[in-house]
1. Counting residues that are under 21 Å from A:A153 (Cα atoms) and not small (G, A, S), which helices (runs of 4 or more DSSP H) fully inside the range A:1-84 reach at least 3?
2. How many residues are within 23 Å of B:T189 (Cβ to Cβ) and crowded, with 21+ Cβ neighbours inside 10 Å when one looks only at the range B:218-246?
3. Does the range A:380-401 contain at least one residue that is among the aliphatic types (A, V, I, L, M), surrounded by fewer than 24 Cβ atoms within 10 Å (Cβ to Cβ), closer than 22 Å to A:P281 by Cα and modelled with pLDDT of 85 or more?
4. Could you check, for the range A:523-539, whether at least one of its residues is over 19 Å from A:T433 (Cα atoms), crowded, with 24+ Cβ neighbours inside 10 Å and touching a Lys or Arg at 6+ places or on another chain (Cβ under 6 Å)?
5. Residues in the range B:49-62: is at least one within 13 Å of chain A (Cβ to nearest Cβ), in contact with a helix residue (DSSP H, G or I) (Cβ under 9 Å, 6 or more places away or on another chain), surrounded by fewer than 17 Cβ atoms within 10 Å (Cβ to Cβ) and at pLDDT below 90?
6. Tell me yes or no: at least one residue of the range A:106-113 is at pLDDT below 75 and surrounded by 12 or more Cβ atoms within 10 Å (Cβ to Cβ).
7. With respect to B:T67, determine if the residue is hydroxyl-bearing (S, T, Y), buried (at least 23 other Cβ atoms within 10 Å of the Cβ), closer than 26 Å to A:A515 by Cα and more than 14 Å from chain A (Cβ to nearest Cβ).
8. Please go through the range A:100-138 and give me each residue that is in a helix (DSSP H, G or I) and out of contact with any Lys or Arg (no Cβ under 6 Å at 6 or more places or on another chain), ordered by number.
Amino acid sequence: MGPYILSGLVLGSISAVSVLGLVLTYSSSRVFNFAHGAMAYFIAVLYWWLTDDQGWSVWPAAIVSVLVVAPLLGLFLWAIVFRRLTHATPVVRFVSTVGLWVAIPALARIIFPIISAGSDVQTRGLGGTPPGQFDVLGVTVNWNQATVIIGAAAVAVGFTILMRFTPLGLMTRAAVDSPRVAAIAGINPSAITAISWMLGTMLAGLAGVLLSPLLGISEIQFTLLLVVSLAAAVLGRMTSIPLAFGGAMAIGMIQGLSEKWESANLGFVEFSLDGFKPSVPFVLMLIALLAYQGLRREQFEVDLRAGPTEEEVAPAARLTGWKAAIGPIAVALVLLSVPIWLNDFWIGVVSQGVALGVLFLTFTVVTGEGGMVSLAQVSLAGIGAFTAAKLATDAEWPVWLALLAGGAVAVPIGLLLAGLTLRLGGLYLALGTLAFSQLLRFTVFGRDDFDNFGSGVAIDRPEFLGIDFSISGGRDNFYYLLVIVFMVAALVVVNLRRSTTGLVLTAMRSSEQAAATTGISILRSKLIAFGTSAFIAGLGGGLFAVSFGRATNVSFEVLVGIVWLAIVVTWGVRSVLGALMAGILYVVVSPPTDKLSFIFVIIVVFAMMGETARLIGSKAIYTARGALLGVGVLAVGITAIVLLLPVEIELSEKAKEVPTLLFGLGAVFLARQPRGVLFDVMNRIRLRQLQRERQLADGATAEAAT
Amino acid sequence: MSAPLLTAEEIVVRFGGVVALDGVDFTADARAITGLVGPNGAGKTTLFGILSGLLRPRAGRVSFDGTDITRASPQRRSRLGIARTFQRLELFGEMTVREHLVVAHRVRMRRDRSLLRDLVGLGSRPTLDEDETIAGILELVGLDAVAEQPVILLPLGTGRIVEIARALATAPRIVLLDEPTSGLDVHETEQVASALRAARDDRGVAFVVVEHDVELVLELCEAITVLDFGRVIARGTPSEIRASTDVQTAYLGTRAAEDVAP
């Protein structure tokens, strides 16, 4: 028993230190930092570099990493990202921090080349190498473990003193309670927020430095650190520091103790608790969310002045008549011509991208139209994929029927989930769906009948009307089929947007209060968005599995889904073209041939150039001619790269991190342009047209007047 | 005299230890503009929340045309014929003026319940009846010129009228207006007032107006209720209210009231 309690205490202490930082930054800026674990990773890697590569001794290294570099990192990130997020929409807040989550580890590996992605290294701990040991109540404790527990206790005491008894603490509490009143009283709220981000990053860094000697530095460990911190923050209702601290301890203890009973033998039946330990944070988080629902509703009734949920951006003049058809027709022509100018390998890659594009339309509906951040879409896609694969392969249904069934099965599950979590709204909805997804992953997808020791369930390509869709002879046909499915799905989404249902959803997204008093049932509208998106997710998941040859657990990991959402939002979550672009780009980075990443890099660079041009004030790229030129250069660039493909380009380890880094930067830019890259470019072109038309019209009136 | 259209009886609301409304009675007649005034913190906005269904009272009863609606949701109230506007504009930021009316009208006509037809692109075309109704409302309140404009490009005063038009598109019998002229200049205030009169005269819609601007209420309303510190201190026609010493005390302080009193 003793060792398990000790292990739980150590785990709990580390995440308690971490959650303190998370709650602090959330309360001061209302930005929930999904990059918290990534920051801890960065500082831990720095600490390792100092001790291992630079030969520093542990204490100076720890002090420099945690007390000097961490606050600077926090200040820097606050200045470029977090500062802008306080007044952004929930979706943008979420995606921007997710972008950092992806980009910061990549940055760490570029700056400190001693570590590579997927590696797992053990650092030297503060307790000496090897750490000394001593006995407490018959349990052997080493000094690394002791440092963690002492460190957490010291942080708890120090933090309490800081908040209760110092002017800084008083000002922080004032600014957290009411930024406006605090500002009137002469407190600079943004200085307070900056300080809280510095402190928050320090705490993340400390957690990282404490964690790395015990569990090693790997992205997985730091993601788990984030996950436990998330759950603890929810237990503390996001803002209560003592509750969150206690919650982190409790989760650690339960996880520690669960190791004792890895499998329980009840005499007649033995059942495995394998999936239990990783599920603990999510089970607790889900219970807490559902329990707090009642509390929140009362709070909502008092808060009459809840503002609009979507920032108001001037809608550009819509294209009408034949002009409106140019875009879709051009995209269709480009898509259909792909087999002419790409080789077989590439057709396979783009096929997967188009299938993923269908899947990504799920975000267009639930997040773009419905205004909800759901992290369960990837699991709904997984349900669709496994259902389709099981029906097609085991039950020998026709593949196309199995795919539709996959979509249909996802709908009731999506509606059930929506019914449970919709009332939560905003960030809580995101966290609730995250917990649901993780539970599903551990309890269902992880089972041997689905996971099949990592190889998943095979699914063949469809066959009907005597057309060959097989991998050997029907590559092109299969690709055309996917393009047609995408077109149909995109048309359905566009229809939805333009219909009465779309109007109702738009109304709800702008102002739930006004929508409700206009007679719109908010719950019903959200359920419609969720149900429709669940079907698309299930169908898209199945198609993705077919294009891949099998439905596997790893394709539908929750983290994968989070990155998907971030990519879709970066490209434009309100645009079906955005979903397609995001899908194709996502698979283009994934294939094992490293040089392909260059294409992605170039495309992203072009998108970013647009943004940069805007930032430095040059508008040339947004003129129709500029856009055309851009597309032309892009086409030439891609062709050149495709021609160069046979030439082997050896990419260094560093260069492999570049696409991830750029993607993260994309999310940072998103903080400035919330509607996504595509919207930004299109909007500017249209506004420009509109301006010119107005000038012409004004000129005409002026002439008429004279 | 017929029974009033909207009635609140013995309403009590507490926020924590603060009593916001302490046994308030309120009535509004059909086809009339009823004013609800009072100094800051009198409980106007709270009573408004009770009438529109965003707040639930601790005690008391709200009824509409004989039906108890104390616990009815905003959606149900809307369907019964109660609409409202907001003090801080709550427009649908991505829509044009016309779309505001279209969505309100279609929800009223239950045309928002055809998901499958919507997905295949049918069932979302405007009907003749819809076009006529919406054109009628736009003309009535004087918005026809800006019908196709996105609302976020409109000035505040026009935005307020869009809220009123959206409320009218739900075919209401009564519209609750939360400080419809706050932040407006004299000209815009007059526009809003004439839109209200036109809707009342032409459609027989009743209005409840919560206002700071006492002069406007005295000029616009047939009946006025005055709140102070969560209680009703006066009720009557504009001339009765003008003469009431209680109201003068509440607004101008005791001294001034004594000065005015004969």
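1. Values: elements: A:2-29, A:36-48, A:58-63, A:70-77.
In the range A:1-84, A:2-29, A:58-63 are the helices (runs of 4 or more DSSP H) which contain 3 or more residues that are under 21 Å from A:A153 (Cα atoms) and not small (G, A, S).
2. We begin by selecting, within the range B:218-246, every residue within 23 Å of B:T189 (Cβ to Cβ); these are B:218-227, B:237-239, B:241-242.
Checking the rest, the ones that are also crowded, with 21+ Cβ neighbours inside 10 Å come to B:220-221, B:224-227, B:241.
Result for the range B:218-246: 7.
3. Filtering the range A:380-401 down to residues among the aliphatic types (A, V, I, L, M) leaves A:380-381, A:383, A:385, A:388-389, A:391-392, A:395, A:399, A:401.
Right, trim to surrounded by fewer than 24 Cβ atoms within 10 Å (Cβ to Cβ) and you get A:391, A:395, A:399, A:401.
When the remaining residues are screened for being closer than 22 Å to A:P281 by Cα, the result is none.
Scanning the range A:380-401, I find no residue that is among the aliphatic types (A, V, I, L, M), surrounded by fewer than 24 Cβ atoms within 10 Å (Cβ to Cβ), closer than 22 Å to A:P281 by Cα and modelled with pLDDT of 85 or more, so the answer is no.
4. First pass over the range A:523-539, keeping only residues over 19 Å from A:T433 (Cα atoms): A:539.
Checking the rest, the ones that are also crowded, with 24+ Cβ neighbours inside 10 Å come to A:539.
Filter once more, keeping what is touching a Lys or Arg at 6+ places or on another chain (Cβ under 6 Å): none.
Within the range A:523-539, not a single residue is over 19 Å from A:T433 (Cα atoms), crowded, with 24+ Cβ neighbours inside 10 Å and touching a Lys or Arg at 6+ places or on another chain (Cβ under 6 Å).
5. Looking through the range B:49-62, at least one residue is within 13 Å of chain A (Cβ to nearest Cβ), in contact with a helix residue (DSSP H, G or I) (Cβ under 9 Å, 6 or more places away or on another chain), surrounded by fewer than 17 Cβ atoms within 10 Å (Cβ to Cβ) and at pLDDT below 90.
6. We begin by selecting, within the range A:106-113, every residue at pLDDT below 75; these are A:113.
Applying the additional criterion that residues be surrounded by 12 or more Cβ atoms within 10 Å (Cβ to Cβ) yields A:113.
So far as the range A:106-113 goes, yes, one or more of its residues are at pLDDT below 75 and surrounded by 12 or more Cβ atoms within 10 Å (Cβ to Cβ).
7. Details: hydroxyl-bearing (S, T, Y): yes; buried (at least 23 other Cβ atoms within 10 Å of the Cβ): no; closer than 26 Å to A:A515 by Cα: yes; more than 14 Å from chain A (Cβ to nearest Cβ): yes.
Considered against the rule, which asks whether it is hydroxyl-bearing (S, T, Y), buried (at least 23 other Cβ atoms within 10 Å of the Cβ), closer than 26 Å to A:A515 by Cα and more than 14 Å from chain A (Cβ to nearest Cβ), B:T67 comes out as no.
8. Step one: list which residues in the range A:100-138 are in a helix (DSSP H, G or I), which gives A:100-111.
If the condition is that a residue be in a helix (DSSP H, G or I) and out of contact with any Lys or Arg (no Cβ under 6 Å at 6 or more places or on another chain), then A:L100, A:W101, A:V102, A:A103, A:I104, A:P105, A:A106, A:L107, A:A108, A:R109, A:I111 are the ones that fit.
The values are calculated or read from the model by the stated rules, or taken from the named source; none is laboratory data. The shown structure was predicted, so the numbers you read here are calculated from the model rather than taken from an experiment. Every residue, glycine as well, gets a Cβ built from its backbone with ideal geometry; the counts of neighbours run over all protein chains shown.
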